[in-house]
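Structure record follows, encoded as structure tokens.
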Amino acid sequence: MTTDAYLADCRARLAFDLLSNTWNAVLIWVLRSGPQRPGELRERIGGISPKVLTETLRRLEFNGLVARNAYAEAPPRVEYELTALGRTLLGPIDAFGAWAFEYGDEVMAVQERNEHAAASHEPSRTSRSSHPPLSSSGAE
């Protein structure tokens, strides 16, 4: 195994990939309180479509972070819960959340300044370029 933390086969890269999807971390965090049905998850999260919820739950299940429990009832019932492996991500997710709480306003202020600066430096689409001509002969 290599010690280069950014190679594709590195375990650190695996962890970054798991947490880089916004919905992965959100679902893991919401499931910390125990098993929940898909409808309950959608209500608690808000802003997630049924399709994206299903894709995310399948991805988390594939990675061993979430378990799907189907019950033979009428009507059928399905619940999702964190596995022991999934619970190990609660600490890192909590740390990211604490960082965002402490520094989020600062990051957003910098983003806003940069967006404003970029917008004020964009040339007008209707005006000619303000750059001097390439030739000093005066011919265009």
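Some notes on this structure:
- Test set (1) touching a helix residue (DSSP H, G or I) at 6+ places or on another chain (Cβ under 8 Å); (2) surrounded by 14 or more Cβ atoms within 10 Å (Cβ to Cβ); (3) in a helix (DSSP H, G or I) - Ile48 fails condition number: (3)
- Cβ-Cβ under 7 Å pairs, at least 6 apart or on other chains, the stretch 71-83 side without any contact (Cβ under 8 Å) to a residue 40 or more places away in the chain and open to solvent by 30 Å² or more (accessible area, probe 1.4 Å), far side of a type outside the set (Lys, Arg) and not in a loop (DSSP other than H, G, I, E, B): Pro76/Ala70; Thr83/Val66; Thr83/Ala67
- Exactly one residue among Leu60, Leu65 is under 15 Å from the mean Cα position of the chain (by Cα) and surrounded by 17 or more Cβ atoms within 10 Å (Cβ to Cβ), and that residue is Leu60.
- Qualifying residue in the stretch 24-45 (condition: of a type outside the set (Val, Ile, Thr), open to solvent by 30 Å² or more (accessible area, probe 1.4 Å), touching a residue at least 40 places away in the same chain (Cβ under 8 Å) and closer than 23 Å to Ala100 by Cα): yes
- Test: Leu60 is closer than 16 Å to Ala84 by Cβ, in contact with a Leu (Cβ under 7 Å, 6 or more places away or on another chain) and in a helix (DSSP H, G or I): yes
The values are calculated or read from the model by the stated rules, or taken from the named source; none is laboratory data. What you see is a predicted model, and the numbers here were worked out from it, not measured in a lab. Here Cβ is always computed from backbone atoms with ideal geometry, including for glycine, and neighbour counts include all displayed protein chains. Just so you know, the surface numbers come from the protein's heavy atoms only, side chains and all, with ligands and any DNA or RNA stripped out. Shrake-Rupley method; radii C 1.70, N 1.55, O 1.52, S 1.80 Å.
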